[in-house]
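Beneath this line is the structure, given in structure tokens, with notes to follow.
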Amino acid sequence: MTRLQVNGQAKNIDVPDDMPLLWALRDELGMTGTKFGCGMALCGACTVHVDGSPIRACITPVSAVAGRAITTIEGVETDRVGQLVQQAWVENNVAQCGYCQAGQIMTAVGLLKTTPVPTEKQIDDAMSGNICRCGTYPRIRAAIQQAASHLVQGDV
């Protein structure tokens with residue numbers, strides 16, 4: 001039995017220790033916001049936060065995160081930075097097909113928590129591990145800049 005702390009709630013699941021967190025979230029807990037993209041931590045679709053830092057859930061075994069604070073796209077809305085990022089995503093019409101957007105948002109929130117006023121280069125560097133097949137990168141950058149400007153203005 002593995003005990004996970006997901007979005008502030010304790011969850012007990014009976015899975016092998018080496019099961020990727022992605023499948024525990026999706027198949028065992030029914031949290032389908034986190035997406036499977038490549039299975040090799042190359043695309044970012046599976047990004048979640050563990051103890052506040054973005055990680056790739058597709059390669060992270062549940063045993064590595066047992067008892068640690070896991071935040072998924074379903075829980076990021078309870079965080080003010082997460083709210084600002086999601087609001088900016090909507091206002092900038094970032095999503096096209098939408099498949100990668102949960103991972104993009106989780107990475108952007110992680111960036112703004114460590115670097116509240118990122119440069120364009122810092123945004124590009126932080127987001128470089130997240131692939132958007134629709135090519136919405138300019139809108140992603142604009143949304144992050146908008147959320148950052150709200151942080152600077154004290155909208156947190």
Hey, can you tell me all the residues within the stretch 5-20 that are crowded, with 16+ Cβ neighbours inside 10 Å and under 21 Å from Gly82 (Cα atoms)? Gln5, Val6, Asn7
Across the stretch 85-108, the tally of residues that are more than 14 Å from the chain's Cα centre (by Cα) and assigned to a helix (DSSP H, G or I) stands at 4
Of all residues being hydrophobic (A, V, I, L, M, F, W, C) and in a helix (DSSP H, G or I) in the stretch 128-156, which is farthest from the chain's Cα centre (by Cα)? Just the residue, please. Val152
Quick check: is even one residue across the stretch 92-103 touching a Phe, Trp or Tyr at 6+ places or on another chain (Cβ under 8 Å), among the small types (Gly, Ala, Ser) and modelled with pLDDT under 95? yes
If you go through the stretch 21-40, how many residues are under 24 Å from Lys113 (Cβ atoms) and either touching a residue at least 60 places away in the same chain (Cβ under 8 Å) or surrounded by fewer than 16 Cβ atoms within 10 Å (Cβ to Cβ) (or both)? 4
For the stretch 35-69, give me the residue count where each residue is in contact with a helix residue (DSSP H, G or I) (Cβ under 8 Å, 6 or more places away or on another chain), closer than 18 Å to Leu111 by Cα and part of a loop (DSSP other than H, G, I, E, B). 6
Quick one: would you say Val94 is surrounded by 20 or more Cβ atoms within 10 Å (Cβ to Cβ) and either among the basic types (Lys, Arg) or not assigned by TED's automatic domain parsing to the domain that holds Ser53 (or both)? yes
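The values are calculated or read from the model by the stated rules, or taken from the named source; none is laboratory data. Quick caveat: nothing in here was measured; it's all calculated off a predicted structure. Note that we place each Cβ from the backbone using ideal geometry, even for glycine, and neighbour counts take in every protein chain shown.
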